[in-house]
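*Asks:* Take a look at the following structure, please.
The values are calculated or read from the model by the stated rules, or taken from the named source; none is laboratory data. Everything quoted here is computed from the prediction, not taken from an experiment. We place every Cβ from the backbone using ideal geometry, glycine too, and count neighbours over all the protein chains shown. Just so you know, the surface numbers come from the protein's heavy atoms only, side chains and all, with ligands and any DNA or RNA stripped out. Shrake-Rupley method; radii C 1.70, N 1.55, O 1.52, S 1.80 Å.
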Amino acid sequence: MWSFLLKLFRKEHNIEAQNPMKKYLIVGLGNIGSEYENTRHNIGFKVLDHLAHQEDLTFTTQKLGDLTTYKLKGRTFILLKPSTYMNLSGKAVQYWLTKEKIPLENLLVITDDLNLPFGSIRVKTKGSDGGHNGLKDIQSTLNTTKYNRFRFGISDAFSKGKQIDYVLGEWSDEENKTLKERLTKSIELIKSFGLAGMSNTMNSFNGK
C-alpha cells in the first residue's frame, strides 16, 4: 500500500511540475478618479469592473493599484487596476508580476485602441505601443514588447486636433447601447486566456 501511495504521490508531483503556473495577472489600464470613470480611455478598468460585478468580487486598494482575485477551474486570475495613472502603468505591472511570481506569458494587458472600430477585439502576444502611453511605459519598464495585450476598439471618430478630448470623453449614447454585450464578450476572452491559452484565444476572439 505504502509503495503504491508513494508512486501515486511522485506521479502527481511530476504532473504538477510539468504544468505551467496556473496564476494570471490581468491588468486593465485606466486613470483613477471619478472624472475618468466612464471615459473611452478607461475601458481596461471597465472590463475588470464588469467581471467583478458579474462574479461578485470586491476590489481592495493595495500597493500601486486596486486588486481582486477570481478563481476558475483551478486557475487564479489576479485583476489589477493600477493607481499610478496611465503614463506610469509599468511600475504597477512589474511590481505585481514579481510579488505574485507570475511568468510574463501569463500577463494580459487590456487597453483602448483608436485604430480599431468601436467594440472590436484584437489579442496579440507582442507588438509596438501604437502611441499608447500606458503600453509605452509597460514596454519600457519590462524592457520587452513581448507581452500579451487585449486591445478594445474605441474607433477614431474625432476631428483633427480633438484626439485627447475624444479619448478622455465619455461613451456616446449609441456606443452605450452595445457596450454591455462587448464587455461580456471581453470577460469570455479573459476566461479563455486562462483556460484555453493564448493561441486558442486569438483564434476564437480576434475580429469578433
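*Asks:* Among residues belonging to segment 15-36 that are exposed (fewer than 10 other Cβ atoms within 10 Å of the Cβ) and polar (S, T, N, Q), point out the one that is modelled with the highest pLDDT.
*Replies:* Ser34
*Asks:* Continuing with the same structure: For the subset of segment 166-208 comprising residues that are small (Gly, Ala, Ser) and outside any helix (DSSP H, G or I), which member is most open to solvent (accessible area, probe 1.4 Å)?
*Replies:* In this case the residue turns out to be Gly207.
*Asks:* Please list, ordered by first then second residue, the pairs with beta carbon atoms under 9 Å, 6 or more apart or interchain, first in segment 91-110 and small (Gly, Ala, Ser), second open to solvent by 70 Å² or more (accessible area, probe 1.4 Å).
*Replies:* Pairs that qualify, where the first residue is small (Gly, Ala, Ser) and the partner is open to solvent by 70 Å² or more (accessible area, probe 1.4 Å), are Ala92/Lys63.
*Asks:* Sticking with this structure for a sec: For segment 59-90, which residues satisfy the criterion of being surrounded by fewer than 16 Cβ atoms within 10 Å (Cβ to Cβ) and touching a helix residue (DSSP H, G or I) at 6+ places or on another chain (Cβ under 7 Å)?
*Replies:* Matches in segment 59-90: Lys63, Leu72, Lys73, Asn87.
*Asks:* Mind telling me which of the residues Phe77, Phe59 ends up being closer than 26 Å to Gly207 by Cβ and within 16 Å of the chain's Cα centre (by Cα)?
*Replies:* The unique qualifying residue is Phe77.
*Asks:* Checking Asn106 against (1) farther than 20 Å from Phe45 by Cβ; (2) surrounded by fewer than 20 Cβ atoms within 10 Å (Cβ to Cβ); (3) not small (Gly, Ala, Ser), which test does it fail?
*Replies:* (2)
*Asks:* Testing Asp156 on (1) touching a residue at least 40 places away in the same chain (Cβ under 8 Å); (2) under 24 Å from Lys23 (Cα atoms), one condition comes back false. Which one is that?
*Replies:* Just one mismatch for Asp156, condition (2).
*Asks:* So if I check each of Gly119, Gly130, which one is free of Cβ contacts under 8 Å to residues at least 40 places away in the same chain, surrounded by fewer than 20 Cβ atoms within 10 Å (Cβ to Cβ) and outside any helix (DSSP H, G or I)?
*Replies:* Of the residues listed, the single one that is free of Cβ contacts under 8 Å to residues at least 40 places away in the same chain, surrounded by fewer than 20 Cβ atoms within 10 Å (Cβ to Cβ) and outside any helix (DSSP H, G or I) is Gly130.
*Asks:* Tell me which of these Phe152 doesn't satisfy, since it passes every other one: (1) hydrophobic (A, V, I, L, M, F, W, C); (2) assigned to a helix (DSSP H, G or I); (3) closer than 20 Å to Glu37 by Cβ; (4) modelled with pLDDT of 90 or more.
*Replies:* So Phe152 meets the others, but not (2).
*Asks:* What pairs come up if the first residue lies in segment 47-58 and is over 11 Å from Leu183 (Cα atoms) and part of a helix (DSSP H, G or I), the second is of a type outside the set (Val, Ile, Thr) and open to solvent by 10 Å² or more (accessible area, probe 1.4 Å), and their beta carbons are under 7 Å apart, counting only those six or more places apart or on different chains?
*Replies:* If the second residue must be of a type outside the set (Val, Ile, Thr) and open to solvent by 10 Å² or more (accessible area, probe 1.4 Å), the pairs left are Ala52/Phe59.
*Asks:* For segment 69-87, does any single residue satisfy the condition of being within 24 Å of Leu195 (Cβ to Cβ), without any contact (Cβ under 8 Å) to a residue 60 or more places away in the chain and part of a loop (DSSP other than H, G, I, E, B)?
*Replies:* Yes; the residues of segment 69-87 include at least one that is within 24 Å of Leu195 (Cβ to Cβ), without any contact (Cβ under 8 Å) to a residue 60 or more places away in the chain and part of a loop (DSSP other than H, G, I, E, B).
*Asks:* On to the next question. As an exercise: evaluate Ala157 against (1) outside any helix (DSSP H, G or I); (2) closer than 26 Å to Arg75 by Cβ and give the number of the one condition it does not meet.
*Replies:* Condition (2) is where Ala157 drops out.
*Asks:* For segment 37-53, name all the residues that are open to solvent by less than 60 Å² (accessible area, probe 1.4 Å) and more than 16 Å from Thr68 (Cα to Cα).
*Replies:* If the condition is that a residue be open to solvent by less than 60 Å² (accessible area, probe 1.4 Å) and more than 16 Å from Thr68 (Cα to Cα), then Thr39, Arg40, His41, Asn42, Ile43 are the ones that fit.
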